[in-house]
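Down below is the structure, laid out as structure tokens.
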Amino acid sequence: MRLILAFLSLCVALVAGAQEKVAKKKAGGHPPVIEGTKSETYRKVGETELKVWIFEPAQKSAKPLPAIVFFFGGGWTGGSPTQFEPQSRHLASRGMIAIVADYRVKTRQDAKPADCVSDAKACVRWVRANAARLGIDPERIAVGGGSAGGHLAASVATLPGLDTAKDDKSVSCLPNALVLFNPGTVMAPFPGLDLKGFGAGLDKSKFGCEPTEISPIHHVKKGTPPTIIFHGKADTTVPYSTVEKFAEVMKASGNRCDLIGYEGEKHSFFNKSKYAETLAAADDFLVSLGYLPAKK
């Protein structure tokens, strides 16, 4: 009888756990449930465990694989790592290891943008530090993101500060390539630009640091990783002029920066009608870097 009761209790627990997972997925709970991935914690801040979800190619490789880490958008206020799940599944099917990352935001941890950048840098360091265990080539780590997540990706590649005392700075957080979707790249006044939209008007009290400290365009230099940017020309949240100027500064510094503008498209367009088109172009960019095989 005791064995039967124990078995029934186990069954109830398993069913309840499964139902909880389904409910969380349907409700868009946080942290999310992402089927077919393995999840690990890359950083703990207080009681908050920040996780990554890892998409692996179906076919195992004897050699280390290139990887890409995606950061979701949401104005540093909210959002979900599931935003880049479709892109991640595609890239994993093409032979990369794709990773979507969580980071602190305003609505969940009362975080400021500087905290978000700190998390993003810690995440890329974690991926590189664990590259051998994860089967990743540490010299072929791309970083991508949309909107605020695009800002984080660009920040990881450019900003010299916003680390914490606990960060192992012997491990580089510099990515080897950037894939950016309507990213925020200008957070402070810059010559030749009328600063509007995303980040405009915010000061140290809002950013958690001086505006120039969190503004990627102010820190572009020779050696900033090769970059592709997808941006709607009708974007009023992050004006197209800001990425035009960013691309100009990148090229003037001797860096590759492919800017693809989309007529009439507004913010977050890449999640909608232009999803397939932008994904195909991102795929081509990664092929050009040798991260993906040429399409047959």
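The values are calculated or read from the model by the stated rules, or taken from the named source; none is laboratory data. As the structure is a prediction and not an experimental result, all values here were calculated from the model. Quick reminder, even Gly has a Cβ in these numbers, built from the backbone with ideal geometry, and neighbours come from all protein chains shown.
Within segment 74-130, the set of residues being among the acidic types (Asp, Glu) and farther than 13 Å from Gly145 by Cβ comprises Glu85, Asp110, Asp115. Scanning segment 23-62 for residues that are modelled with pLDDT under 90 and exposed (fewer than 11 other Cβ atoms within 10 Å of the Cβ) returns Lys26, Ala27, Gly28. The residues listed here are Lys245, Lys222, Lys274, Lys233; of these, the one that is among the basic types (Lys, Arg) and under 20 Å from Pro160 (Cα atoms) is Lys222. The set of residues in segment 115-157 that are in contact with a Pro (Cβ under 9 Å, 6 or more places away or on another chain) and basic (Lys, Arg) comprises Arg128, Arg140. For Ala98, the conditions (1) farther than 16 Å from Tyr42 by Cα; (2) among the aliphatic types (A, V, I, L, M); (3) in contact with a helix residue (DSSP H, G or I) (Cβ under 8 Å, 6 or more places away or on another chain) are fulfilled apart from (1).
Let's see how each residue does on (1) assigned to a helix (DSSP H, G or I); (2) within 30 Å of Leu292 (Cα to Cα); (3) touching a Leu at 6+ places or on another chain (Cβ under 9 Å):
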| site | (1), (2), (3) |
| --- | --- |
| Cys173 | no, yes, no |
| Pro191 | no, no, no |
| Asp194 | no, no, no |
| Ala200 | no, no, no |
| Cys209 | no, no, yes |
| Glu213 | yes, no, yes |
| Ile229 | no, yes, yes |
| Ala247 | yes, yes, yes |
| His267 | no, yes, no |
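Which residue pairs have Cβ atoms under 9 Å apart, sit 6 or more places apart or on different chains, and have a first residue in segment 150-161 that is free of Cβ contacts under 8 Å to residues at least 40 places away in the same chain and a second that is of a type in the set (Gly, Ala, Ser) and in a helix (DSSP H, G or I)? Every condition considered, the pairs that remain are Val156/Ala120. Here Gly135 passes the criteria (1) at positive phi; (2) surrounded by 24 or more Cβ atoms within 10 Å (Cβ to Cβ) except the one numbered (2).
Take the conditions modelled with pLDDT of 95 or more, part of a loop (DSSP other than H, G, I, E, B) and of a type in the set (Asp, Glu) and apply them to Asp235. Does it pass? Answer is yes for this residue.
Residues checked against (1) surrounded by 15 or more Cβ atoms within 10 Å (Cβ to Cβ); (2) among the small types (Gly, Ala, Ser); (3) at pLDDT below 95:
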| site | (1), (2), (3) |
| --- | --- |
| Phe246 | yes, no, no |
| Lys251 | no, no, no |
| Gly254 | no, yes, no |
| Tyr262 | yes, no, no |
| Ala280 | no, yes, no |
| Asp283 | yes, no, no |
| Val287 | no, no, no |
| Leu292 | yes, no, no |
| Lys295 | no, no, yes |
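Just one of the numbered conditions (1) touching a Lys or Arg at 6+ places or on another chain (Cβ under 9 Å); (2) at pLDDT 95 or above is not true of Phe71: (1).
Applying the criterion of being modelled with pLDDT of 95 or more and assigned to a loop (DSSP other than H, G, I, E, B) to the residues of segment 141-161, the residue that is nearest to the chain's Cα centre (by Cα) is Ser147. Answer yes or no as to whether Leu292 is more than 16 Å from Gly145 (Cα to Cα) and touching a residue at least 40 places away in the same chain (Cβ under 8 Å). Here the answer is yes, as Leu292 does meet what is asked.
For the criterion of being more than 23 Å from Phe72 (Cα to Cα) and not β-branched (Val, Ile, Thr), Glu244 fails. Restricting segment 67-104 to residues that are among the basic types (Lys, Arg) and in a loop (DSSP other than H, G, I, E, B) leaves a set whose member that is surrounded by the fewest Cβ atoms within 10 Å (Cβ to Cβ) is Arg94.
From the list Ser88, Ser147, Ser93, the one residue that fits, being within 23 Å of Gly208 (Cα to Cα) and hydroxyl-bearing (Ser, Thr, Tyr), is Ser147. Within segment 201-225, the set of residues being buried (at least 16 other Cβ atoms within 10 Å of the Cβ) and out of contact with any helix residue (DSSP H, G or I) (no Cβ under 8 Å at 6 or more places or on another chain) comprises just one member, Ser215. Would a scan of segment 116-129 turn up a residue that is within 19 Å of Asn271 (Cα to Cα) and either touching a strand residue (DSSP E or B) at 6+ places or on another chain (Cβ under 8 Å) or assigned to a loop (DSSP other than H, G, I, E, B) (or both)? No, segment 116-129 contains no residue that is within 19 Å of Asn271 (Cα to Cα) and either touching a strand residue (DSSP E or B) at 6+ places or on another chain (Cβ under 8 Å) or assigned to a loop (DSSP other than H, G, I, E, B) (or both).
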